[in-house]
Amino acid sequence: MKSSTGKINLEELSSKDPKVKYGCAKRAIAVSRENPEDLYPDFGIFLKLLEGDNKILKWGAIQIIGNLSKVDSQKKVDALIPRLIALLSDKTMVTAANAIGALSEIAKNKAEHQEMILGALLKVEKAKYYHKGELSPECTNVAIGHVIQCLEQFGRPVCQRNDVKNFLKRQTRNTRPKVKLMAQQLLDKNSQEKPSRKD
């Protein structure tokens, strides 16, 4: 089935050639980011990928669904929010990281779901991820880093909330230096900035 752009043949997502299959997924992600309305009619295709066994295509579908929330006039994405939140607890950190990004995008485009999504993102610090079959606290730290990046996109009002500030303060003691720095920088940024004056 071809997307309405005429530039992507989504049948390639079923190709046996990995280069063709994943190349198509990569292009679809780009289109969903820049022109989501072009792929919205094909929502069902990405829903099937989300439910499929191919992890790489699943990760792509998660990103695309998040991007399609911008034009989700039929509230198809709304119904998937609980499923995406459940992916935050997936054993594979990469799956969770993609869900973090998608949920952040959904929260930005659908303010009515922001509170629920934010609450779920803050719980990522307690998630347990595995690497090569072994429990990996470092993977949890990486996921926390993704959450901090998303929090910055929520803006000053959210970053000044007590639950968010407490989350960030805890991460200033994170064992991963990059995460520790990101948390401190976001705290500093939102404690120093002042609301813009309206003349």
Please enumerate the residues belonging to the range 56-111 that are part of a helix (DSSP H, G or I), more than 28 Å from Glu134 (Cα to Cα) and free of Cβ contacts under 8 Å to residues at least 12 places away in the same chain.
Ala79, Ala111
Any idea how many residues of the range 29-48 are under 16 Å from the mean Cα position of the chain (by Cα) and among the aliphatic types (A, V, I, L, M)?
3
Is there any pair with a first residue in the range 13-30 that is in the same structural domain as Gln63 (by TED's automatic domain parsing) and a second that is outside any helix (DSSP H, G or I) and among the basic types (Lys, Arg) whose Cβ atoms are under 8 Å apart and which are 6 or more apart or on different chains, and what are they?
Arg27/Lys7
I'm checking my understanding of the structure. Among residues of the range 141-180 that are in a loop (DSSP other than H, G, I, E, B) and either among the acidic types (Asp, Glu) or out of contact with any Gly (no Cβ under 8 Å at 6 or more places or on another chain) (or both), which one is nearest to Leu88 (Cα to Cα)?
Asn174
Kindly indicate whether any position in the range 54-74 is surrounded by fewer than 12 Cβ atoms within 10 Å (Cβ to Cβ) and under 23 Å from Asn109 (Cα atoms).
yes
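The values are calculated or read from the model by the stated rules, or taken from the named source; none is laboratory data. Just so you know, these numbers come straight off a predicted model, no measurement behind them. Cβ coordinates were reconstructed from backbone atoms using ideal geometry, including for glycine residues, and neighbour counts include every protein chain displayed.
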